[in-house]
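Everything below concerns the one structure shown next.
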Amino acid sequence: MSGAPRPLPPHREPVRAEWIDYNGHLSEAYYVLVFGHATDALMDEIGLDAGYRQRTGCSLYTVEAHVRYLREVSAGSELTVHTRPLGVDAGKVRFVHEMYAAPADASTGAGPTASGPAGVAPEGELVATEELFALHVDQHTGRSTPLPDRARHALAARVEAAPPWAGRGVRPVAGGAAASTDR
């Protein structure tokens, strides 16, 4: 058996016609919606599913996210999102999503245009990424709480090295106002 982590199952979703904006491409809000669906799939896979949330009142809350829009996505595309945990501790999780798009009629035997996580070949071209920092929160108290051991272990077993693009913030723009130190 290989020492490489077992990748999470990819999340797949077609682009819906109503998601296309006035420029003829996937509107930015829908990239985030699909990433949200991929986060839901991650939660289901590690045991933080609807039954868990109902029973415990606990869930993952995204507290920070960074999205990169790399390519336009057209109507009729099929999206595949690969999710990779980058770190986990008692109640915190850092993970990334990588979204690939292929024409709906593309054959599944077509070669990938980029390499995916842990040797998994993605479908289509890399079109967007999202990096997230989430806390496991008890909704009754509004405070973070440790992850259940099963979920923490499921994530820890899949932790991978961060891709080169992760951990970067939004680029500064010359001529911008000086940052305020008042918070």
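The values are calculated or read from the model by the stated rules, or taken from the named source; none is laboratory data. The model shown is predicted, which means the values in this text are computed figures rather than measured ones. These accessible areas exclude ligands, DNA and RNA; they are computed on the full protein's heavy atoms, side chains included. Shrake-Rupley method; radii C 1.70, N 1.55, O 1.52, S 1.80 Å.
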Ordering HIS136, HIS153 by accessible area with a probe of 1.4 Å, largest first, what comes out?
HIS153, HIS136
Accessible area per residue for the range 51-102 in Å², computed with a 1.4 Å probe and the full protein assembly in place, what is it?
44 Å²
In Hz, Karplus ³J(HN,Hα) per residue of the range 69-79 (6.51, -1.76, 1.60; θ = phi - 60°; x = Gly, Pro)
9, 9, 9, 6, 10, 9, 4, x, 6, 9, 9
